[in-house]
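For reference, the structure discussed in these notes is given below.
The values are calculated or read from the model by the stated rules, or taken from the named source; none is laboratory data. The model shown is predicted, which means the values in this text are computed figures rather than measured ones. Glycine also receives a Cβ, built like all others from the backbone with ideal geometry; neighbour counts cover every protein chain displayed. What goes into the accessible areas is simple: the full protein's heavy atoms, side chains included, and nothing from ligands, DNA or RNA. Shrake-Rupley method; radii C 1.70, N 1.55, O 1.52, S 1.80 Å.
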Amino acid sequence: MKISCIGAGYVGCVTGTAFAALGYRTTIIDINSQRIDALINGRSPIYEPGLDILIKKTIGNTLYADYSYNYVSNSDVIFIAVGTPSTNGGNVDLSYVEIAAKNIGENLNPFGFTVIVNKSTVPVGTADLVTTIIEETSGLKNGKQFAVVSNPEFLREGYALEDVFLPDRIVVGSNSEKASQIMKKLYSKIVTREGFNTFSDVITLNRKCHPSLPRYYETDVKSSEMIKYASNAFLAVKISYINEVARLSDALGANALDVARGMGMDSRIGEKFLEVSSGWSGSCFPKDTSEFLLTSQQENCELSIVASAIKSNKEMHDYCISKAVRSLGTLNNRTIGILGLTFKPNTDDARNTQASYIIEMLLKNGATVKVHDPQGAEMFKSLNGHLDIEYCSDPLDVFTEAEAVMLLTHWSEYLYIHWEDAFKRMHNPYFLDTRNYLKDIGLSDIGFYYEGIGVPSHKQSVTTSAASLIKI
Ligand code: UDX
Ligand code: UDX
């Protein structure tokens, strides 16, 4: 079976390389020549643990990369994994998907049967749109020479290879029996875990127990498209919920980490996605929740719980700022350090991160801001050129003359900071750990005024209501 994958991003690169590692001849196609050149030279165009190794293993053998759509005419399966960003109004921008569909239509094999797979996160009904575009540009007939199916990605950045090779489930939405058979054959090696050892060395196997075999779940196209949005929005709701419990824990003196652990022991709740944070962010949850909510509002059946989670999530960002204000009294003319710009560790993806919102608010309130991130600083700077902040290559420099330092992203590098040195550099040793990541390394013993979120620390008398001090 021969594969094309349109898009060499966080989704396309992982998807294309994974199928090449499974032995399928795969060509990744992208309009971004830098990303294609990186692949041709055996380098990953994105930071994703293990992906570099897999690309080096497969490039020129089963993996290829191209700027053109030529290989589409030889392909049995074509994944569409191009970007689906949010428009300013919050709806999803499908223009890249439409362009990809048009290019596929112009290169489709008229004598065979090709499965076109929507891998990108797309609204319910997008498969119909792609079908129409391909019929119009190719003159071919849906169901005869091609079919469009939905096969949503469930990849967590930083763990994408693990999620592609060891998924909980593979969802395929198809209205064509022929396409369903082809997809089932394509995924058989993942479902049976055949050839597992060919890639097990590149997966950050952080699963505690031996993972169960994935479930292969077939449904109709629209239900498959809905599963993706419903899943991501639910995960966002779950995180917003535990973050609100953490805020209440702060007020009542409970320990939100113990609360989350006690909750997660109930298999109906589950232990994952109950980690307290400054809120969810990144290239998926914000766009997927706003698209899902807007669609529901347009259909007059608003997903009010999703709406609340979005509102609650922004309040969580503000809550973290207000904790710093409670300690400092004001942000005006204060120097604040930020550790972590990416939306989570183990990725260089700095799109739509909580850091950009929080830093903007700090600056608006008169603070001077110094930042560090091990992988994401370059992308963050390119996306946030308007922010007048100092980028530090050494995390220690973030502490110099600072009145407060906030950890936003729990990169493991931060465990190894020389904390005694960091303490000496600060004007005021306030440290807010929004991930409760460093709570056990003894920062208070060194002299920091260490605060987590939802975890009791020595009480600080609330000087004034912090909210009134922040210009929102
Ligand atoms: C994004 C979203 O993050 C994800 O939720 C969605 O499921 C797919 O789109 P990602 O891989 O992160 O996934 O996108 P990105 O890193 O922006 O990569 C998209 C790639 O598509 C880019 O390399 C871009 O150059 C390429 N592209 C875009 C094309 O090849 N052709 C186009 O017409 C438009
Ligand atoms: C998400 C979905 O998990 C994945 O299935 C989908 O395919 C794409 O979107 P991703 O955006 O890469 O993946 O990151 P994820 O690990 O889900 O984290 C999203 C945000 O939630 C991050 O800001 C993360 O820090 C935050 N988060 C996650 C929490 O605050 N608490 C948690 O317990 C988990």
- Note on the structure: In Å², rounded to a whole number, the accessible area per residue of the chain with probe 1.4 Å is 43
- If you take the charge dipole of the stretch 2-219 about its Cα centre, with +1 on Lys and Arg Cβ and -1 on Asp and Glu Cβ, which of 110, 72, 190 is farthest toward its positive end? 190
- Task: Per residue of the stretch 382-397, in order, report the coupling 6.51 cos²θ - 1.76 cosθ + 1.60 (Karplus, θ = phi - 60°) as ³J(HN,Hα) in whole Hz, putting x for Gly and Pro.
- Result: 5, 8, 10, x, 6, 7, 8, 10, 9, 8, 10, 7, 10, x, 4, 5
- Base-10 log of normalised Debye intensity for the chain (one unit scatterer per alpha-carbon) at q = 0.11, 0.12 Å⁻¹: -0.93, -1.07
- Item | All Cα pairs of the stretch 2-219, percent lying beyond 32 Å | 12
- Which of the lysines could a cross-linker bridge to residue 238, judged by Cα under 17 Å and excluding same-chain residues fewer than eight apart? 228, 272, 287, 311, 314, 344
- Estimated translational D of the stretch 1-57 in µm²/s (Stokes, Kirkwood radius over Cα pairs; 10 °C; 1.306 mPa s): 145
- Item | Descending semi-axes in whole angstrom, ellipsoid equivalent of the stretch 380-446, from the Cα gyration tensor | 22, 15, 11
- Query: When the Karplus curve 6.51 cos²θ - 1.76 cosθ + 1.60 is applied with θ = phi - 60°, which whole-Hz ³J(HN,Hα) does each residue of the stretch 314-323 get, with x for Gly and Pro?
  - Reply: 5, 4, 5, 4, 5, 4, 5, 5, 5, 5
- Message: Helix 12-21 against the longest principal axis of the chain: what's the angle in degrees, Cα atoms only, rounded to the nearest 10?
- Response: 60
- Amide H neighbours of residue 219 at under 5 Å, excluding residues fewer than 5 places away on the same chain, with H built from the backbone geometry, are 172, 173, 174
- Message: How high is the relative contact order of the chain? Use alpha-carbon pairs under 8 Å, at least six apart in sequence, and give a whole percent.
- Response: 12
- How would you rank 286-293, 54-61, 106-113, highest first, on the average number of other Cβ atoms within 10 Å across their residues? 286-293, 54-61, 106-113
- Roughly how big is the stretch 285-469's charge dipole about its Cα centre, with Cβ charges of +1 (Lys, Arg) and -1 (Asp, Glu), in debye to the nearest 20? 500
- Task: Please list the radius of gyration and Dmax for the stretch 340-432, considering alpha-carbon atoms only, with Å as the unit.
- Result: 12.5, 33
- Item | MRE, 222 nm, helices only [DSSP H, n ≥ 4, -39500 (n - 2.57), over the chain, to nearest 500] | -12000 deg cm²/dmol
- Message: Need the list of lysines near residue 144 for cross-linking: C-alpha distance under 16 angstrom, and skip anything on the same chain fewer than eight residues off.
- Response: 178
- Message: What three numbers, in Å, describe the spread of the alpha carbons of the stretch 285-469 along their principal axes, ordered from the longest?
- Response: 57, 38, 31
- Query: Considering amide H positions built from the backbone, and no H for Pro or chain starts, which residues 5 or more places from residue 65, or on another chain, come under 5 Å of its amide H?
  - Reply: 28
- Message: Can you say what percent of the DSSP beta bridges in the stretch 2-219, counting only those with both residues inside, are antiparallel? Round to 5.
- Response: 5
- Message: Just to verify a number: what accessible area does residue 261 come out at with the full protein assembly present, 1.4 Å probe, Å² rounded to tens?
- Response: 140
- At a 1.4 Å probe, what is the % contribution of carbon and sulfur to the accessible area of the chain? 52
- Can you give the angle from 0 to 90° between the axis of helix 285-298 and the longest principal axis of the chain, with both taken from C-alpha atoms, to the nearest 10? 70
- Using a simple charge model, +1 on the beta-carbon of Lys and Arg, -1 on the beta-carbon of Asp and Glu, nothing else, what dipole does the stretch 2-219 show about its Cα centre, in debye to the nearest 20? 660
- Message: Whole angstrom only: what separates the Cα centroid of the stretch 100-159 from the Cα centroid of the stretch 290-322?
- Response: 31
- Contact order normalised by residue count of the stretch 285-469, Cα under 8 Å, 6+ apart, percent: 21
- Task: Using Cα pairs closer than 8 Å and at least 6 residues apart in sequence, work out the relative contact order for the stretch 1-112, in percent.
- Result: 31
- Note on the chain, DSSP bridge orientation, antiparallel percent to nearest 5 equals 5
- Message: So for each of 348-358, 423-433 I average, over its residues, the number of other beta carbons within 10 Å; can you give me the resulting order with the highest mean first?
- Response: 348-358, 423-433
- Message: Can you divide the C-alpha Rg of the stretch 88-159 by 2.2 N^0.38 Å and report the result to two decimal places?
- Response: 1.19
- Message: I'd like to know which of 372, 434, 338 lies farthest towards the positive end of the charge dipole of the stretch 321-472, counting +1 on Cβ of Lys and Arg and -1 on Cβ of Asp and Glu.
- Response: 434
- For the stretch 230-237, in order, what is each residue's ³J(HN,Hα) by Karplus, 6.51 cos²θ - 1.76 cosθ + 1.60 with θ = phi - 60°, in whole Hz (x at glycine and Pro)? 5, 5, 5, 5, 5, 4, 5, 4
- Query: Roughly how many Å is it from the Cα centre of the stretch 208-272 to that of the stretch 1-30, as a whole number?
  - Reply: 30
- Query: Placing +1 at every Lys and Arg Cβ and -1 at every Asp and Glu Cβ, with all other atoms neutral, what dipole size does the chain have around its Cα centre, in debye to the nearest 20?
  - Reply: 740
